[in-house]
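Asker: One structure coming up, written as structure tokens, with questions to follow.
Each value in this text was obtained by applying a stated rule to the coordinates, not by laboratory testing. If you're wondering where the values come from, they're calculated on a predicted model, not measured in any experiment. All Cβ positions, glycine included, derive from the backbone under ideal geometry; neighbour counts span all protein chains shown.
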There are 2 protein chains.
Amino acid sequence: MTESRYATLARTLRKQIEMQVWLPGDRLPSLRDTCKQSGLSLMTVLQAYQLLESQGVIVARPQSGYYVAAGLQRPVRHQPDERLHAAEQIDVNDAIFDILKAGQDPAVVPLGSAFPDPTLFPQPRLARSLASAVRRMSPHSATANLPPGNEELRRSIAQRYAQNGIQVAPDEIVITSGAMESLGLSLQMVTEPGDWVAIESPAFYGVLQAIERRKLKAVAIPTDVRFGMDPDALEKALDTYPIKACWLMSSFQNPLGCTLPPENKVRLVEILQAHQVAIIEDDVYSELYFGSERAVPLKATSYRSEILHCSSFSKCLAPGFRVGWVAAGAYAERIQRLQLMSTLSASVPVQLALADYLQQGGYDTHLRRLRRVLEQRQMAMHHAIIKEFPAQVSVSQPKGGYFLWLDLGENVDAARIYQLALAKGVSIAPGTMFSADERFRHCIRINTSFEWGPHTARAISVLAALVGEEIRG
Amino acid sequence: MTESRYATLARTLRKQIEMQVWLPGDRLPSLRDTCKQSGLSLMTVLQAYQLLESQGVIVARPQSGYYVAAGLQRPVRHQPDERLHAAEQIDVNDAIFDILKAGQDPAVVPLGSAFPDPTLFPQPRLARSLASAVRRMSPHSATANLPPGNEELRRSIAQRYAQNGIQVAPDEIVITSGAMESLGLSLQMVTEPGDWVAIESPAFYGVLQAIERRKLKAVAIPTDVRFGMDPDALEKALDTYPIKACWLMSSFQNPLGCTLPPENKVRLVEILQAHQVAIIEDDVYSELYFGSERAVPLKATSYRSEILHCSSFSKCLAPGFRVGWVAAGAYAERIQRLQLMSTLSASVPVQLALADYLQQGGYDTHLRRLRRVLEQRQMAMHHAIIKEFPAQVSVSQPKGGYFLWLDLGENVDAARIYQLALAKGVSIAPGTMFSADERFRHCIRINTSFEWGPHTARAISVLAALVGEEIRG
């Protein structure tokens, strides 16, 4: 049955080409390799290749081999049957996934994106640091940079803390795969499934997902668009629920952009420490302050090590590197143990590259320029929104970061605006992403990091028109 | 109280130097920066610096600034108070953490390490791929390479599957931060806390940790040092417990080195699928086969997408890159969603570097050499063990990977041998790491990937002598 064997092989190869394992122009495995892999004779394999050639699926190039023909590939996506029942409940918000995916479409103006404009980063300089770091990389670098992570990088981060008046030893810092990991590990360390956690309302959707994933219960504390989490409401919640941890952003909160006033910082820390509640400070935006006044994290209010201060380079330097950290004080070793069980360690070459860049890449110069550009872009977009949106729409005006929070009015459904805007090539982040309930269904978050120009101007006009139509019914 | 202010600042700086935030020779922040940060006057800051100078802690260099004095630093590690009670139970094995740490000490012969000899990898070639990849990196690379990960890399992996006779579409693959993450996400997807999972006995300690972390219950299935997991025992377990998932290694299992015979592979998959049990295949060693016969994963036994096939480049190409994947079939999107909540995505530069390397780096040539070297080194160490260890000690002889499993005999306590050997500069992995109970307390795992020479020869002699003494009492 030689004939059926070669036909089977041809079908297999054709299927692989349809599944895009091999793209037009790719060279297929050689006859010899295919014989070896399949256990078939050279004659059988040759017949299969010739059959595919006769069907126009592949072409032979003399002295070189067989190649996938151009243009013949069908752009069908492989869709295997779904059989198993997945047990994980992931229903905080399916929209989050779609919105993140929409941000990958270059045709869409990504005002719904959580990422800053990627052209704002010193990529050529980072590439140089990476190239230089890997040239000097020792073969032992994989084990030498296991948790807590690269020593030079931890020291550079500790120096930046020191320059901001915060005492953190390099040994208290654990390098992670982005702030998402450091926040997740911190939450895991201080809670057990079923525990209560105090969070902001609205909150960064990653908080909601992490809480759901760990089967925790959340108390959403009212959070003001200017002054952040309400200390009185927090105190009441602490007296009512056996809260184990509080996860919050003290500067340029996502999505509101709010920053805690100094006196509220002190009071919040006092309240939480009096109730022996762990503090997880998500502080990824604090480098992006406008003007000359630095953002001061909760971590600076006391030297107490209970504040798990989580940050990263993803918002201000190198989004794709996925390098973050937690200043975990006495808990650094526990965090390391949890990390060893989840991702083992952060990627080594990018740690070395950042260590090099922080030493000599001009990070502060970059940050100064970045802050200035973000401030200008926020102003331009804020101005346009005030001018073009209906008068009932209120807009935040944060002193840092790159988000604006718009309250469109009770009678507007932001999820509908999201759908209509996406159809017109503009993404936004609807308020429902930032809460487990419908409380913010009439709000949206807008990313202001993109250059003000025809695309962004058109995007704002599109949104303003949609909101106007929605209000007028 | 100017005097107390400058003294306070001097104390703060001195503390930072003691905490190793600033190392001998480091330049301290300029007077101007320190004024700005602290809000103190130039005079106060200058007095503080001069006080430290008079104490010999720092030195002034004209026209340059103040530097930490050489040799005056106290090597004290900062030890903040530990106050919070950490809620996570991590008691599978504290020894695991210590053993991983011991592997970082260059003075120890790391026979207990899970990592292969780092000099076995084509690091200069990988560095070239990395440098070339980052030069070509688009600013949009961070969002373009969000889960499922870099498309070229996924296609290269799919091509390698195809060449091994396994049909996997690039879209079914999700790139992760090492196999640890892909295994963890897979386990999370198919289980809920409290569920039962079938595992090998002994098992890779990462399995035990992941199960404990997710609050699962484990059924340990007897696993033979040559033939792997016992299908009859598995069938009995499936009839007794409501098992949701089975996590196993089909080739060169860690720690035993066993490989499932082809008929057992087919039977195990049939049994598991008949019971609708999810299969998580941890397949990180299968590229490291000896001789000419490839290792065939369970995934190859059927095209059914229920087998979550997890692997990485950490054991055979680039340990420090932390890049792995899962071929998740229809569940690829669910895995992506879980990943977005935990680490967001794998580091982008290293994904691009591996995509480049797999296209043109000579991976197969590297693997052929690596397999040959590992086989030679295993032979040398196996030979020495047979020759030097007491006759009651039995030794495995796997056909791939780089671990030997030694049964020292019921009367030997491997944990004691571990401690004694470490004191003599040799690490081993005691059997207690690979089980939740004491069942393997008389066994050890030895890493054979290191070059046979004076160091390794001495290490084996040290171990043989210790075991001999222990047996003789």
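Asker: Can you find, among B:P122, B:A464, B:Y402, the residue sitting farthest towards the positive end of the charge dipole of chain B, where Lys and Arg contribute +1 and Asp and Glu -1 at Cβ?
Answerer: My answer, from the dipole projection, is B:P122.
Asker: As a test, work out the antiparallel percent of DSSP beta bridges whose residues both lie in chain A, rounded to the nearest 5.
Answerer: Numbers: 25 of 44 bridges.
The antiparallel fraction comes to roughly 55 percent.
Asker: Taking the alpha-carbon centroid of each part, what is the distance from the range A:357-427 to the range B:9-65 in angstrom?
Answerer: 40 Å
Asker: What average number of partner chain Cβ atoms lie no more than 10 Å from the Cβ of the residues making up B:148-156? Don't skip to the answer; put the middle values down first.
Answerer: On the way: counts 0, 0, 0, 1, 1, 0, 2, 6, 1.
Whole-number average of other-chain Cβ neighbours for B:148-156 is 1.
Asker: Other chains' Cβ within 10 Å of A:204-212 residues: what's the mean? Display every interim value, and only then the final one.
Answerer: Values: counts 0, 2, 4, 0, 1, 5, 2, 0, 1.
The per-residue average across the peptide is 2.
Asker: Now a separate question. Using Cα pairs under 8 angstrom and six or more residues apart, how large is the relative contact order of the range B:361-448, in percent? Could the numbers behind the result be given before it?
Answerer: Working: 109 pairs, mean separation 23.5, N = 88.
About 27 percent, as a whole number.
Asker: 5 Å is the cut-off here: which amide hydrogens, built 1.01 Å from N in the peptide plane, fall below it relative to A:A245, excluding neighbours closer than 5 in sequence?
Answerer: So A:A245 has HN proximity to A:A198, A:A278.
Asker: Next question. Quick one: label points 7 angstrom along Cα→Cβ at B:Q397, distances to the other copies in nm, smallest first?
Answerer: Those separations, rounded to one decimal, come out as 8.1 nm.
Asker: Just check the range B:201-335 against the gyration tensor rule for me: Cα atoms, a ≥ b ≥ c as the square roots of the eigenvalues, rounded for a/c under 1.5, and otherwise prolate or oblate depending on whether a/b exceeds b/c. Walk me through the numbers on the way to the answer.
Answerer: Numbers: a/c = 1.35, a/b = 1.19, b/c = 1.13.
Rounded, since a/c falls under 1.5.
Asker: For B:L42, what charge total do you get from the other residues with a beta carbon under 15 Å from its beta carbon, if Lys and Arg give +1 and Asp and Glu give -1?
Answerer: Numbers: positive: B:R5, B:R32, B:K36; negative: B:D33.
With Lys, Arg at +1 and Asp, Glu at -1, the net is +2.
Asker: Can I ask one more? Which one of A:T343, A:A198, A:I17 has its Cα pushed farthest toward the positive end of the charge dipole of chain A, where Lys and Arg give +1 and Asp and Glu give -1 at the Cβ?
Answerer: The Cα lying farthest towards the positive end belongs to A:I17.
Asker: By how many degrees, between 0 and 90 and to the nearest 10, does the Cα long axis of helix B:363-388 differ from the longest principal axis of chain B?
Answerer: Once rounded, the angle reads 80 degrees.
Asker: How about the range A:239-332: which GluC sites (Glu not before Pro) there are in a DSSP loop, with at most 13 other Cβ atoms within 10 Å of their Cβ?
Answerer: On the way: sites: A:E263, A:E270, A:E281, A:E287, A:E293, A:E306; in loops: A:E293, A:E306.
Within the range A:239-332, the qualifying GluC sites (Glu not before Pro) (loop, at most 13 other Cβ atoms within 10 Å) are A:E293.
Asker: Given N residues in the range B:123-360, what is Rg(Cα) / (2.2 N^0.38 Å)?
Answerer: Working: Rg = 17.6 Å, N = 238, 2.2 N^0.38 = 17.6 Å.
The value comes to 1.00.
Asker: Could you work out how far the C-alpha centroid of the range A:185-227 sits from that of the range B:238-254, in angstrom?
Answerer: 34 Å
Asker: Could you point to the residue in A:C316, B:A133, B:P255 farthest towards the positive end of the protein assembly as shown's charge dipole, with +1 and -1 charges on the Cβ of Lys/Arg and Asp/Glu respectively?
Answerer: Farthest along the dipole direction, towards plus: B:A133.
Asker: Separate question: Would you work out the charge dipole size for the range A:123-360 about its Cα centre, treating the Cβ of every Lys and Arg as +1 and the Cβ of every Asp and Glu as -1, and quote it to the nearest 20 debye? Let's see the in-between values first.
Answerer: On the way: 23 positive and 24 negative charges, 165 e Å.
So the magnitude is around 800 debye.
Asker: Run through the other copies and list how far each one's label point is from that of B:G473, in nm with one decimal, shortest first; the point sits 7 Å from Cα along Cα-Cβ.
Answerer: Output for B:G473: 9.7 nm, nearest copy listed first.
Asker: Further question: Among bridges DSSP assigns within the range B:264-408, what percent are antiparallel (round to 5)?
Answerer: Numbers: 7 of 11 bridges.
Looking only at bridges with both residues in the range B:264-408, the antiparallel portion is about 65 percent.
Asker: Per-residue mean of other chain beta-carbon atoms within 10 angstrom of the beta-carbon, peptide B:16-27? The partial results should precede the final answer.
Answerer: Working: counts 8, 1, 1, 8, 7, 14, 4, 4, 0, 0, 2, 0.
Mean shielding count: 4.
Asker: Name the shape class, rounded, prolate or oblate, that the alpha-carbon gyration tensor gives for the protein assembly as shown, where a ≥ b ≥ c are the square roots of its eigenvalues, rounded holds for a/c under 1.5, and otherwise prolate holds if a/b is larger than b/c and oblate otherwise. Mind dumping the intermediate values first?
Answerer: Numbers: a/c = 1.70, a/b = 1.24, b/c = 1.37.
It comes out oblate by the Cα gyration axes.
Asker: Now, a different point. Hey, what number do you get for chain B at 222 nm if only DSSP H runs of n ≥ 4 count, each worth -39500 (n - 2.57), divided across all residues, to the nearest 500? Can you show the working numbers first?
Answerer: Working: 16 runs with 201 residues, N = 473.
Using -39500 (n - 2.57) per qualifying helix, the result is -13500 deg cm²/dmol.
Asker: Helix A:332-342 against the longest principal axis of chain A: what's the angle in degrees, Cα atoms only, rounded to the nearest 10?
Answerer: Once rounded, the angle reads 30 degrees.
Asker: Using amide H atoms built 1.01 Å from N in the peptide plane, name the residues 5+ places from A:T176, or on other chains, whose amide H lies under 5 Å from its own.
Answerer: Excluding prolines and chain starts, which carry no amide H, the hits are A:G324, A:W325, A:V326.
Asker: Oh, and also: To check you understand DSSP bridge types, tell me what percent of the beta bridges within the protein assembly as shown (both residues inside) are antiparallel, rounded to 5.
Answerer: Numbers: 50 of 89 bridges.
If I count the DSSP bridges inside the protein assembly as shown, around 55 percent turn out antiparallel.
Asker: Just want the ordering: B:H455, A:H275, from fewest to most Cβ atoms lying within 10 Å of their own Cβ. If you can, show how the numbers build up before the last one.
Answerer: Values: B:H455 13, A:H275 17.
Result, fewest neighbours first: B:H455, A:H275.
Asker: Place a +1 charge on the Cβ of each Lys and Arg in chain B and a -1 charge on the Cβ of each Asp and Glu, then give the dipole magnitude about the Cα centre in debye, rounded to the nearest 20.
Answerer: Details: 49 positive and 48 negative charges, 350 e Å.
Rounded to the nearest 20 debye, it is 1680 debye.
Asker: Go through the range B:426-465 and name the trypsin sites (Lys or Arg not before Pro) that are in a DSSP coil and have 13 or fewer other Cβ atoms within 10 Å of their Cβ. Working shown, then result.
Answerer: Values: sites: B:R439, B:R441, B:R445, B:R458; in loops: B:R439, B:R441.
Within the range B:426-465, no trypsin sites (Lys or Arg not before Pro) qualify (loop, at most 13 other Cβ atoms within 10 Å).
Asker: Given B:K215/B:K244; A:K15/B:K315; A:K299/B:K101; A:K315/B:K15; A:K101/A:K217; A:K215/B:K215, which pairs have Cα atoms separated by over 19 Å? Can you show the working numbers first?
Answerer: On the way: B:K215/B:K244 14 Å; A:K15/B:K315 31 Å; A:K299/B:K101 29 Å; A:K315/B:K15 31 Å; A:K101/A:K217 28 Å; A:K215/B:K215 11 Å.
Violating the 19 Å limit, Cα to Cα: A:K15/B:K315; A:K299/B:K101; A:K315/B:K15; A:K101/A:K217.
Asker: As I understand it, the value is the acute angle between the Cα axis of helix B:123-135 and the longest principal axis of the Cα atoms of chain B; what does it come to in degrees, rounded to 10?
Answerer: The angle comes out near 70 degrees.
Asker: Here is a follow-up. Take each of the peptides A:388-395, A:239-246, B:254-261, B:308-315, average the number of other beta-carbon atoms within 10 Å over its residues, and list them starting from the highest. Walk me through the intermediate numbers first.
Answerer: Values: A:388-395: 15.8, A:239-246: 17.8, B:254-261: 24.5, B:308-315: 26.5.
Output ranking for A:388-395, A:239-246, B:254-261, B:308-315: B:308-315, B:254-261, A:239-246, A:388-395.
Asker: Sort A:V109, B:V426 so the one with the fewest other Cβ atoms within 10 Å of its own Cβ comes first. Could the numbers behind the result be given before it?
Answerer: Values: A:V109 22, B:V426 26.
Arranged by neighbour count, lowest to highest, A:V109, B:V426 become A:V109, B:V426.
Asker: Please report, in debye to the nearest 20, how large the charge dipole of the protein assembly as shown is about its Cα centre when each Lys and Arg carries +1 at its beta carbon and each Asp and Glu carries -1 there. Display every interim value, and only then the final one.
Answerer: Working: 98 positive and 96 negative charges, 588 e Å.
Dipole magnitude for the protein assembly as shown comes out near 2820 debye.
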